[in-house]
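Structure first, commentary second.
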Amino acid sequence: MSSDFNGAVLSGERLNQFALVVYFPDPLARFLDDLRLELVQGCRPRAHVTVLPPRPLDDVEAAAEQGRAMAMDFPPFEIEAGDVDIFSQTNVIYIGVRRGAEELRVMHDAMNNGDLAYKEPYPYHPHITLAQEFDPAETARLQVLAERRWAEYRGPRTLHAERLAFVQNTAGQCWLDLAEFELGAMSPVARCK
């Protein structure tokens, strides 16, 4: 057994399943994590937006280096959480991305190649997962509860995305942070003399 980024005890071996994510800061992260636990007890939340969904990798070191190098091609940007919705095909309740979705799509499309390439089963759709892998009979109730809690939340709904986390899944469904990649700096503004 070992500890994950938050100090929780892990069980199980590391899986060949990796992703790139942007984590939310507190107090929004704390709210989203608490809401996920209220909706699906026993899940292991860490509020984030996925840039590259989970995928197997042939060469983890090369993929990590590609992610690090490519992150420098993208300036930091704002992400704003939108409204609660549901992916009907997979029965996942989520919060959409209101601002920053286009930046996330561009980043996803650029990074989903080379050592990070993977043929994903669904089109990329930036979102914040709230509930998944629950009894489908509970869908309507959980969606209404998520909408009510999100409407009651009075804290910030945005983050300034400055870095990506390269993460790996375990058999215990804990995601381990392997590396952090800084997004590139904004282009300097020319100064008048």
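Go through (1) of a type outside the set (D, E, K, R); (2) more than 16 Å from Asp33 (Cα to Cα); (3) in contact (Cβ under 8 Å) with a residue 60 or more places away in the chain for Ala146 and report which single condition fails.
(2)
What's the number of the condition Ala171 fails, among (1) over 15 Å from the mean Cα position of the chain (by Cα); (2) surrounded by 15 or more Cβ atoms within 10 Å (Cβ to Cβ)?
(2)
Quick one: which helices (runs of 4 or more DSSP H) sit completely within the range 18-122 and have at least 3 residues that are modelled with pLDDT of 95 or more and among the acidic types (Asp, Glu)?
Here the list reads 28-39, 101-111.
Residues in the range 12-34: is at least one on the phi > 0 side of the Ramachandran plot and not acidic (Asp, Glu)?
For the range 12-34, residues on the phi > 0 side of the Ramachandran plot and not acidic (Asp, Glu): present.
The values are calculated or read from the model by the stated rules, or taken from the named source; none is laboratory data. Since the structure is predicted, the reported quantities are computational estimates derived from the model, not experimental observations. Cβ atoms come from the backbone with ideal geometry, glycine included; neighbour counts cover every protein chain shown.
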